Amino acid sequence: MATNGAKSVLFVCLGNICRSPIAEAVFRKMATDAGVVDKWVIDSGATSDWNIGSSPDARGLACLRKHGIETSHRARQVTREDFMSFEYILCMDESNLSELNRKAKSATNSQAKIELLGSYDPENQRIIKDPYYGSDEDFEKVYQQCVRCCKAFLERNS
Ligand code: WE7
């Protein structure tokens with residue numbers, strides 16, 4: 001929960017096993033390295049209930065490990081409370097965006113800024129594509145997009 005003025009960001013994708021756990025882990029590592037992780041509440045979640053409790057995809061974990069990042073995240077679904085407690089909800093594609101905007105309407109008092117993570121990309125790749133049926137290179141591409149976007153997002157909120 002965002003308490004006493006903490007900044008907060010929830011990264012969201014379809015199943016919370018491929019893209020959003022990578023984004024969460026990358027952002028946590030950057031905030032840690034910048035010495036500001038204590039100022040942040042950082043989490044990730046799914047629009048779908050399909051994978052609740054699952055570990056991130058093995059290919060995503062391997063990609064993160066290759067870059068020296070670990071995560072112990074387990075998939076969870078976005079809740080109504082998330083729309084009240086998170087300042088930013090950053091998602092990956094247009095389908096995530098419409099699902100989140102639909103869910104925000106049924107939340108009592110949505111305060112969250114719901115945006116594409118890719119809207120922060122200095123290289124202007126707005127969509128972070130689902131690598132579920134993809135290759136290791138697709139996961140690496142997701143990782144690199146998350147690095148560019150999380151860096152820009154952290155700079156803008158520092
Ligand atoms: C995914 C997925 C992803 C697709 N993570 N799943 Cl089998 C299914 C059905 C509803 C929700 C979820 Cl989460 C899943 C499992 C988990 N990144 N991507 N499915 C996917 C991709 C392209 C076309 C259709 C689907 C279901």
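Where a number appears in this text, it was derived from the coordinates with a stated rule and is not lab data. In this text, all values refer to a predicted model and were calculated from it rather than measured experimentally. Counting neighbours? That spans all protein chains shown, and the Cβs are built from the backbone with ideal geometry, glycine included.
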- Message: Can you report the number of residues in the range 109-136 which are of a type in the set (D, E, K, R) and within 16 Å of the ligand (Cβ to nearest atom)?
- Response: 3
- Message: Tell me whether the range 58-76 contains one or more residues that are touching a Pro at 6+ places or on another chain (Cβ under 8 Å), within 15 Å of the ligand (Cβ to nearest atom), free of Cβ contacts under 8 Å to residues at least 40 places away in the same chain and under 16 Å from residue 18 (Cα atoms).
- Response: no
- Item | Odd one out for residue 113, checked against (1) in contact (Cβ under 8 Å) with a residue 60 or more places away in the chain; (2) surrounded by fewer than 20 Cβ atoms within 10 Å (Cβ to Cβ) | (1)
- Select from the range 1-24 the residues that are among the aliphatic types (A, V, I, L, M) and within 16 Å of the ligand (Cβ to nearest atom) and write down the one among them that is surrounded by the fewest Cβ atoms within 10 Å (Cβ to Cβ). 14
